[in-house]
Amino acid sequence: MRTAYSVETVRAAERELMARVPEGALMQRAAAGLAVACAEVLGKVYGSRVVLLVGSGDNGGDALYAGARLARRGAGVSAVLLSPERVHAGGLAAFRGAGGRVVGAGDPEGVLRRADLVVDGIVGIGGKGGLRAPAAQLACAVRESGVPVVAVDLPSGVDADSGEVTGEAVRADVTVTFGAYKPGLLVDPGREYAGVVRFVDIGLAMEGGDGSGGGDGSGGSDGSGGGAVQALQYADVASLLPLPTGESDKYRRGVVGIVAGSARYPGAAVLCVAGALRGGAGAVRYVGHAADAVIARFPETLVSAGPASKAGRVQAWVVGPGLGDDSERLEDVVGADVPVLIDADGLRLADEAAVRGRSAPTLLTPHAGEAAALLGVAREEVERGRLSAVRELAGRYGATVLLKGSTTLVADAGGAAGAGGGGVVRVNPTGTPWLATAGSGDVLSGLAGALLAAGLGAADAGAVGAYLHGLAGRLAADGAPVGAHDVAEAVPLAWRDVRGD
């Protein structure tokens, strides 16, 4: 499990460790790891030209100490000091002592013209809001120069706790983060600005794990960590996959009911059923107006004229894809005493109080536009602040929420207390832009519904479903356009890949 921790939690761990180690030890550990990462990006250190963008405080100090190490290995290292009066004194002395050169910020294009690498040490994890002059101008100049960028701990201008970018920010090729991952490195838009993230262990003792992504499933999975964000790894997903045994029958494997599709949108029902069948359901019961289309493609489906409450035994329901305005079918499902996944038209039709009043688990799966409509805000606001949006929705509906998008997030009602706090939110590390295709979400709904029917909790079903769906998208696309039906057919391949079969 890869766990990212809030700034407050990281700062507390740093204070605890600094009280036990010699002064400056943490910065030296960070600088050593940073210098190694810079050397790997450069390929050849001797004779290379490196430019440090140095802000005030420890972030700039990390950059200066790393620059000193590179200078001692034969690199020509220049430092642009944005706040000379507040620069880290020890780092600057070490940098100059190693032969580093301080240059002015008045001509950023000239400073960058011959650089082989830029090190972004402008703002650390405590920075809020976009960069201001002259840092903003430097960030623009770096982007236009095309020079590779290594960011120190977090790209400057990215909010460490949320991944929000509210103004100018540095776009890094590599981000070297220290002691623990930060949520802004895993959640878009911050994730996009971070590039490849390298972790450097400096000895922090984080709650529930060290945040280094060891993959043993221990990284804060108890819900601790003060608003932590978790990304499942292969081993975590493999441990959660429901597998049949010799004693299994269709009910033990899980029967999922699907209320989806209409005369206008029969394909939504077909794709939802495909996701459920490929996702391991023991059987699929279908209720809706697209029965002929479903049976033609999947004759093993059990169809019913409805209502859902009369369709037969199920362990979970999926409702909403292509449903149109059929609120009666939705209300029948919401009233069921089994887990329910609500998607697409179902989100628009669902009554908030009825969802909150359910005794069985509920999983809502909106994309950014649907989430914006439920919250009464602009879509851009959701995309800019994905963590706060998913937590607010989970709290408002008393349900688990899977917010689809470039970074898919899963928050349950227990982890929904406010934008900056709350419990653990899962972030999905798989996927491809080719998944932005009609019907892809219908496949995900069926897949996650099958996992609910197999007995996974709502948060696990959402996180595992998103992981398999994203991996299936990658495998099906393989760098080329892909359709939703292709994604459904690739789900068993993703399952085998995770299992190592």
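The values are calculated or read from the model by the stated rules, or taken from the named source; none is laboratory data. It should be emphasised that the depicted structure is a prediction, and the values quoted were computed from it without experimental measurement. Neighbour counts run over all protein chains shown; Cβ positions are idealised from the backbone, glycine included. Accessible surface areas use protein heavy atoms only, side chains included; no ligands, DNA or RNA. Shrake-Rupley method; radii C 1.70, N 1.55, O 1.52, S 1.80 Å.
Side notes on the structure shown:
- Test: SER83 is free of Cβ contacts under 8 Å to residues at least 40 places away in the same chain, out of contact with any Phe, Trp or Tyr (no Cβ under 6 Å at 6 or more places or on another chain) and not basic (Lys, Arg): yes
- Selection status of GLU16, exposed (fewer than 15 other Cβ atoms within 10 Å of the Cβ), under 22 Å from GLY127 (Cα atoms) and either in contact with a Gly (Cβ under 7 Å, 6 or more places away or on another chain) or among the hydroxyl-bearing types (Ser, Thr, Tyr) (or both): no
- Near pairs, Cβ below 9 angstrom, 6+ apart or cross-chain, from the stretch 365-386 (over 17 Å from VAL410 (Cβ atoms) and in contact (Cβ under 8 Å) with a residue 60 or more places away in the chain) to any residue that is charged (D, E, K, R) and open to solvent by 30 Å² or more (accessible area, probe 1.4 Å): ARG384/GLU164
- Being open to solvent by 20 Å² or more (accessible area, probe 1.4 Å) and in a loop (DSSP other than H, G, I, E, B) is not true of ALA160.
- With respect to being among the charged types (D, E, K, R), under 27 Å from GLY457 (Cβ atoms), modelled with pLDDT of 95 or more and assigned to a strand (DSSP E or B), ARG358 falls outside the description.
- If you go through the stretch 58-105 and keep only what is more than 15 Å from TYR46 (Cβ to Cβ), within 34 Å of the chain's Cα centre (by Cα) and open to solvent by 50 Å² or more (accessible area, probe 1.4 Å), you end up with just ASP58.
- Candidates ALA436, ALA494 - the one that is surrounded by fewer than 21 Cβ atoms within 10 Å (Cβ to Cβ) and within 25 Å of GLU192 (Cβ to Cβ): ALA436
- Any hit, the stretch 243-257, residues being out of contact with any Leu (no Cβ under 8 Å at 6 or more places or on another chain), buried (at least 22 other Cβ atoms within 10 Å of the Cβ) and either charged (D, E, K, R) or under 23 Å from PRO366 (Cβ atoms) (or both): yes
- Matching helices (runs of 4 or more DSSP H) fully within the stretch 1-119 where at least 1 residues are modelled with pLDDT of 95 or more: 7-18, 25-42, 57-72, 89-97
- The stretch 106-128: number of residues that are open to solvent by 40 Å² or more (accessible area, probe 1.4 Å) and free of Cβ contacts under 8 Å to residues at least 40 places away in the same chain: 5
- Answer from ARG391, ARG358, ARG396, ARG329 - the residue that is closer than 19 Å to GLY163 by Cα and charged (D, E, K, R): ARG391
- CYS140 meets the conditions (1) under 16 Å from LEU81 (Cβ atoms); (2) at pLDDT below 95; (3) open to solvent by 10 Å² or more (accessible area, probe 1.4 Å); (4) not acidic (Asp, Glu) in every case but one. The failed one is (1).
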